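Visitor: Got a structure for you, written out below as structure tokens; questions coming shortly.
The values are calculated or read from the model by the stated rules, or taken from the named source; none is laboratory data. Quick caveat: nothing in here was measured; it's all calculated off a predicted structure. Backbone-built Cβ (ideal geometry, glycine too); neighbour counts: all protein chains shown. These accessible areas exclude ligands, DNA and RNA; they are computed on the full protein's heavy atoms, side chains included. Shrake-Rupley method; radii C 1.70, N 1.55, O 1.52, S 1.80 Å.
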Amino acid sequence: MSTHPPTTKTAVVTGASGELGRVISRTLAACGARLALQYLNNEAKAQTVAGEIAKLGGEAKIFRADVTAEDSVKKMGEAVHKAFGDPDIIV
């Protein structure tokens, strides 16, 4: 049984492979949100964060995007929408 309350909320966390992004992601997951974890260069760290959330009973997927490039953000948005629907929270 999941330790997280059921939710239909989806959160996108930019910089999820960094320490602050990791803490924010885990906190949102503890509140029951599904997580779209954005990273740019550190895929391994983003995978680690997603794995930590999964071990706690949450749901998280990683998405590579350069948040300084509009096309990259649009592609990530499409991928997040396909995976989870429209996000409710963007950090």
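Visitor: Would you work out the charge dipole size for the chain about its Cα centre, treating the Cβ of every Lys and Arg as +1 and the Cβ of every Asp and Glu as -1, and quote it to the nearest 20 debye?
Guide: 240
Visitor: Tally up the carbon and sulfur contribution to the accessible surface of the chain as a whole percent, 1.4 Å probe, everything protein left in place.
Guide: Reported share for carbon and sulfur atoms: 55 percent.
Visitor: Order the following by accessible area, largest value first: T27, T68. Probe radius 1.4 Å; ligands, DNA and RNA are ignored.
Guide: Of T27, T68, the descending order of accessible area is T68, T27.
Visitor: Also: GNM on the chain, C-alpha springs below 10 Å: top fluctuator among I62, I53, I24?
Guide: Looking only at I62, I53, I24, the biggest GNM fluctuation is shown by I24.
Visitor: Over the chain, calculate the relative contact order: mean separation of alpha carbon pairs under 8 Å at least 6 apart, over the residue count, as a percent.
Guide: Computed value for the chain: 33 percent relative contact order.
Visitor: Same structure again: With each pseudo-label sitting 7 Å past Cα toward Cβ, what's the V67-I89 distance in nm, one decimal?
Guide: Reported label-point gap for V67 and I89 is 1.5 nm.
Visitor: Please work out the average accessible area per residue across the chain, using the 1.4 Å probe convention, and give it in Å².
Guide: That works out to 59 Å² for each residue.
Visitor: Which of the aspartates and glutamates could a cross-linker bridge to K74, judged by Cα under 18 Å and excluding same-chain residues fewer than eight apart?
Guide: List returned: D66, D86, D88.
Visitor: Over all alpha-carbon pairs in the chain, figure out the percentage whose distance exceeds 17 Å.
Guide: Beyond 17 Å sits 41 percent of the P(r) for the chain.
Visitor: What is the spin-label model distance, in nm, from K9 to T27 if the labels are put 7 Å beyond Cα along the C-beta direction?
Guide: 1.2
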